[in-house]
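Only one structure is covered here, and it is reproduced in the block below.
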Amino acid sequence: MRTLIKNGIVVTASATSHADILIEDEKIIALEANSTAAADLNFDAGGKYIFPGAIDVHTHLEMPFGGTVTADDFTSGTIAAAAGGTTCIVDYAIQTPGQSLGEALETWHRKAEGRCAVDYGFHVAITDLNENVMAEIPPLIEKGYPTFKLFMAYKGVFQVDDATLLNVLKTSGHAGGLVLVHAENGDVIDVLTKEMLAAGKVEPLYHALSRPPQAEEEAVNRFITMAELTGAPAYIVHLSDAGALGRVAEARIRGLQIYAETCPQYLFLNIGSYEEPDFGGAKYVMSPPLREEGNEEFLWSGLETGNLQVVASDHCSFNLKGQKDMGRSNFTKIPNGAPGLENRVQLVFAGGVNGGRISINKFIDLVSTAPARLFGLYPEKGTIAVGSDADLVIFDPDADFEISAATHHQNVDYNPYEGFGGKGVPRQVFSRGRLIFDEGRFVGEPGQGMFRKRRPFNGM
Ligand code: URP
Ligand code: ZN
Ligand code: ZN
């Protein structure tokens with residue numbers, strides 16, 4: 001089947017041009033101005049932008065965490081992704097201690113298979129390293145799982161020690177893998193948390209105060225040191241703090257292969273949110289926590305200068321009622337995480353492009369092209385080119401949006417960006433040539449999203 005999208009302004013990470021897009025089945029087969037090609041389906045983009053489908057490389061769907069399970073599963077989460085212009089996600093398959101990595105992947109494949117509205121892949125989170133697990137790493141890279149996540153925080157749950165960090169960096173780096181970390185010093189946080197609780201400081205604000213920026217900066221620096229020792233490429237997830245960013249920038253100046261992502265929550269929200277009345281601060285309990293007002297401008301400038309390469313959501317949704325409220329009298333019982341999968345693209349467009357902080361091409365790079373390159377999905381995904389998947393978003397830069405839990409597609413009872421507004425709305429979203437989202441309505445089918453094997457790490 002052939003589909004022709006006419007009259008759009010095609011935006012990639014490197015260019016903006018007027019071109020019509022001809023799709024055959026799942027792939028783009030031609031890009032030309034004023035196309036006269038015959039097609040079975042014709043769309044008029046009406047002068048709007050056409051973006052490559054966005055890629056969210058940090059999601060947690062149907063994840064058991066903090067004594068409960070995230071509110072979004074692979075169906076609701078990927079429908080919300082489609083609504084927001086995201087056509088591929090990479091979620092985390094987390095090893096339960098004692099399990100092999102293969103078993104962890106089987107568990108996560110079972111959750112996702114036949115349920116996704118957009119394409120998906122998995123990182124493997126290692127929580128319990130031994131010789132057998134180490135031996136699984138090189139073959140997994142070859143099988144389409146080139147990225148391994150380690151947590152330097154969540155003591156007693158996911159946290160690993162420095163020997164594990166070093167050994168995984170060595171093994172993965174030599175085999176074409178990329179190691180990702182949650183960089184916060186879990187031991188420091190554990191001590192501070194106990195002090196807070198002993199002093200009766202139990203409200204959501206103390207979640208943030210028990211996880212100071214120094215705990216992140218120290219962990220980032222330690223991880224970079226180990227990456228340097230091993231020569232392995234390394235990536236820091238959800239970087240939140242200006243000091244930590246400084247460590248990344250310094251490492252990159254020295255020529256190290258250090259990459260980092262930040263997330264919309266650290267660009268748009270700040271520590272003041274923890275004081276929302278009636279336990280409202282629990283909505284923002286996530287790790288790392290929200291930082292002081294003003295910190296966000298350092299992150300925006302990190303995005304602009306290239307020291308931060310990716311904006312991902314770290315979507316990890318828990319309902320306020322029935323989940324977050326488990327921690328009403330003790331902030332450590334509030335499950336950590338917040339939703340963001342649906343709103344990531346329009347927030348970065350509104351704050352970044354309309355806010356005059358980044359160009360439209362840089363915006364595409366941050367939400368689509370750089371994630372595709374770093375995570376082994378390029379050039380099938382992350383760009384608009386002949387031969388690429390027809391994952392496309394017709395985006396109206398002049399339409400108004402206002403974010404609300406009342407209208408979002410995420411299966412969670414609040415939205416941390418409630419009332420945020422701006423201009424820029426995805427009108428139509430195509431996944432491998434099929435229209436899946438049209439003028440506010442999901443018109444695809446859960447199950448049409450395919451698992452995507454990813455290539456070994458090959459730089460940017
Ligand atoms: O608070 C967060 N970020 N929850 C999700 C798990 C993680 O640390 O990424
Ligand atoms: Zn994390
Ligand atoms: Zn996460």
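The values are calculated or read from the model by the stated rules, or taken from the named source; none is laboratory data. In this text, all values refer to a predicted model and were calculated from it rather than measured experimentally. Don't worry about glycine lacking a Cβ; one is built from the backbone with ideal geometry, like all the others, and counts go over all protein chains shown. Heavy atoms of the whole protein, side chains included, go into the accessibility calculation; ligands, DNA and RNA do not. Shrake-Rupley method; radii C 1.70, N 1.55, O 1.52, S 1.80 Å.
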Members of the stretch 14-27 that are crowded, with 21+ Cβ neighbours inside 10 Å and closer than 26 Å to Ala80 by Cα:
Ile21, Ile23
Just the residues that are more than 16 Å from ligand 3 (Cβ to nearest atom), of a type outside the set (Lys, Arg) and under 18 Å from Pro233 (Cβ atoms), please, taken from the stretch 146-175.
Pro146, Thr164, Leu165, Leu166, Asn167, Val168, Leu169, Thr171, Ser172, Gly173, His174, Ala175
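Residues are listed down the side, and each one gets a yes or a no for (1) open to solvent by 40 Å² or more (accessible area, probe 1.4 Å); (2) away from ligand 3 (no atom under 16 Å from the Cβ); (3) in a strand (DSSP E or B); (4) aromatic (Phe, Trp, Tyr):
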site: Leu4; (1), (2), (3), (4): no, yes, yes, no
site: Asn7; (1), (2), (3), (4): yes, yes, yes, no
site: Ile29; (1), (2), (3), (4): yes, yes, yes, no
site: Ser35; (1), (2), (3), (4): no, yes, no, no
site: Asn42; (1), (2), (3), (4): yes, yes, yes, no
site: Ala82; (1), (2), (3), (4): no, yes, no, no
site: Asp91; (1), (2), (3), (4): no, no, yes, no
site: Thr96; (1), (2), (3), (4): yes, yes, no, no
Do we find that Pro335 is more than 12 Å from the chain's Cα centre (by Cα), within 16 Å of ligand 2 (Cβ to nearest atom) and over 20 Å from Leu392 (Cβ atoms) in this structure?
yes
Is it the case that some residue within the stretch 314-330 is away from ligand 2 (no atom under 16 Å from the Cβ), within 14 Å of Leu205 (Cα to Cα), open to solvent by 10 Å² or more (accessible area, probe 1.4 Å) and of a type outside the set (D, E, K, R)?
yes
Do we find a residue being open to solvent by less than 10 Å² (accessible area, probe 1.4 Å) and not hydrophobic (A, V, I, L, M, F, W, C) anywhere in the stretch 292-301?
no
Within the stretch 61-68, is there a residue that is under 29 Å from the mean Cα position of the chain (by Cα), among the aromatic types (Phe, Trp, Tyr), more than 23 Å from Thr407 (Cα to Cα) and open to solvent by 10 Å² or more (accessible area, probe 1.4 Å)?
yes
Exactly one condition in (1) surrounded by fewer than 24 Cβ atoms within 10 Å (Cβ to Cβ); (2) outside the structural domain of Thr16 (by TED's automatic domain parsing) is not met by Val345; state its number.
(1)
For residues in the stretch 416-430 being open to solvent by less than 40 Å² (accessible area, probe 1.4 Å) and out of contact with any Gly (no Cβ under 9 Å at 6 or more places or on another chain), which is farthest from Pro446 (Cα to Cα)?
Gly424
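Does the stretch 349-360 contain any residue that is in contact with a strand residue (DSSP E or B) (Cβ under 7 Å, 6 or more places away or on another chain), within 23 Å of Asn458 (Cβ to Cβ) and open to solvent by less than 30 Å² (accessible area, probe 1.4 Å)? Explain how you work it out, then say what you get.
Keep residues of the stretch 349-360 that are in contact with a strand residue (DSSP E or B) (Cβ under 7 Å, 6 or more places away or on another chain), which gives 349-350, 354, 360.
Then drop every residue that is not within 23 Å of Asn458 (Cβ to Cβ), which leaves none.
No, the conditions are met nowhere in the stretch 349-360.
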What is the number of the single condition among (1) open to solvent by 10 Å² or more (accessible area, probe 1.4 Å); (2) more than 16 Å from ligand 2 (Cβ to nearest atom) that Tyr259 does not meet?
(2)
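Mind checking whether some residue in the stretch 71-79 is open to solvent by less than 10 Å² (accessible area, probe 1.4 Å), at pLDDT 95 or above, in a loop (DSSP other than H, G, I, E, B) and within 15 Å of ligand 1 (Cβ to nearest atom)? Spell out how you get there, then give the answer.
Taking the stretch 71-79 first, the residues open to solvent by less than 10 Å² (accessible area, probe 1.4 Å) are 72, 74, 77-78.
This time we only want the ones that are at pLDDT 95 or above, so: 72, 74, 77-78.
In the following step, the residues that additionally are in a loop (DSSP other than H, G, I, E, B) were identified as 72.
Subset that is within 15 Å of ligand 1 (Cβ to nearest atom): 72.
Scanning the stretch 71-79 turns up at least one residue that is open to solvent by less than 10 Å² (accessible area, probe 1.4 Å), at pLDDT 95 or above, in a loop (DSSP other than H, G, I, E, B) and within 15 Å of ligand 1 (Cβ to nearest atom).
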Please go through (1) under 18 Å from Ile334 (Cβ atoms); (2) polar (S, T, N, Q); (3) more than 25 Å from the chain's Cα centre (by Cα) for Thr230 and return the number of the only condition it doesn't satisfy.
(1)
